[in-house]
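Here is the structure we will look at.
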Amino acid sequence: IMVALVTLVILSLMMSAIAWQLLANRRMLDHREYQLQADLLARAGIEHAAARLLFGPDGYAGETLQLIPLSSVTVELNTEPDSPGVYRVTSNARYPTDATDYVTRSVTRRFRRQVDGNKVQLVPISP
């Protein structure tokens, strides 16, 4: 009976260790998902601002968006005073907004808005 009891204790310890490892791996995967989602949301914020710039920059300084549930994307648009037609777009994403271990990502891009007759295009400028 003593051998059976020792065997049960050893099996219980092994199962506890396995369960702990599974839980730790799941948390790590969730956090990685949050990182990837925040990266994509920050890029989407840049794309959204670029579309607004193509339509017309007048009166647009940025906005806060909820592109998907539990997300927050803040887009800021600034003109560069020494370069006419050049805009600096910053997108800050937070995901998920309801978690304590949320992830934030920030992306900044510069664009030159060029108008040639009826054709409007944004040309990316390297930082």
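The values are calculated or read from the model by the stated rules, or taken from the named source; none is laboratory data. Computed from a predicted model, the values in this text were never measured in an experiment. Methodologically, a virtual Cβ is constructed for each residue, glycine included, from the backbone with ideal geometry; neighbour enumeration extends over all protein chains shown. With ligands, DNA and RNA removed, areas are computed over all heavy atoms of the protein, side chains included. Shrake-Rupley method; radii C 1.70, N 1.55, O 1.52, S 1.80 Å.
Answer with yes or no whether residue 110 is surrounded by 14 or more Cβ atoms within 10 Å (Cβ to Cβ), under 27 Å from residue 29 (Cα atoms) and among the charged types (D, E, K, R). Taking the combined requirement at face value, the residue does not satisfy it. When 33, 76 are checked against the criterion of being under 30 Å from residue 121 (Cα atoms) and open to solvent by 70 Å² or more (accessible area, probe 1.4 Å), 76 stands alone in meeting it. The single condition among (1) in contact with a strand residue (DSSP E or B) (Cβ under 8 Å, 6 or more places away or on another chain); (2) of a type in the set (S, T, N, Q); (3) part of a helix (DSSP H, G or I) that residue 16 does not satisfy is (1). Under 8 Å by Cβ, and 6 or more places apart or on different chains, what pairs join a residue from the stretch 39-58 that is under 20 Å from residue 80 (Cβ atoms) with one that is open to solvent by 90 Å² or more (accessible area, probe 1.4 Å) and among the polar types (S, T, N, Q)? Every condition considered, the pairs that remain are 57/79. For the residues 53, 65, the requirement of being at negative phi, touching a Phe, Trp or Tyr at 6+ places or on another chain (Cβ under 7 Å) and buried (at least 16 other Cβ atoms within 10 Å of the Cβ) singles out 53.
Listed by position, the strands (runs of 3 or more DSSP E) inside the stretch 44-106 whose residues that are of a type in the set (Ser, Thr, Tyr) and out of contact with any Ser or Thr (no Cβ under 9 Å at 6 or more places or on another chain) number at least 1 are 72-79. What residue, of 115, 123, is surrounded by fewer than 11 Cβ atoms within 10 Å (Cβ to Cβ), of a type outside the set (Lys, Arg) and assigned to a strand (DSSP E or B)? Only one candidate passes the filter, namely 115. Taking the conditions (1) touching a helix residue (DSSP H, G or I) at 6+ places or on another chain (Cβ under 8 Å); (2) open to solvent by less than 30 Å² (accessible area, probe 1.4 Å) in turn, residue 41 satisfies each one other than (1). A Cβ distance below 9 Å, combined with a sequence gap of six or more or placement on separate chains, defines the contacts here; from the stretch 60-84, residues that are under 24 Å from residue 114 (Cβ atoms) and aromatic (Phe, Trp, Tyr) reach no residue that is modelled with pLDDT under 95 and in a loop (DSSP other than H, G, I, E, B).
Screening residue 7 against (1) modelled with pLDDT under 95; (2) over 23 Å from residue 127 (Cβ atoms); (3) surrounded by 14 or more Cβ atoms within 10 Å (Cβ to Cβ) leaves a single unmet condition, (3). If you go through the stretch 85-105 one residue at a time, do you hit one that is over 21 Å from residue 127 (Cα atoms), open to solvent by 30 Å² or more (accessible area, probe 1.4 Å), free of Cβ contacts under 8 Å to residues at least 24 places away in the same chain and over 14 Å from the mean Cα position of the chain (by Cα)? Yes, some residue in the stretch 85-105 is over 21 Å from residue 127 (Cα atoms), open to solvent by 30 Å² or more (accessible area, probe 1.4 Å), free of Cβ contacts under 8 Å to residues at least 24 places away in the same chain and over 14 Å from the mean Cα position of the chain (by Cα).
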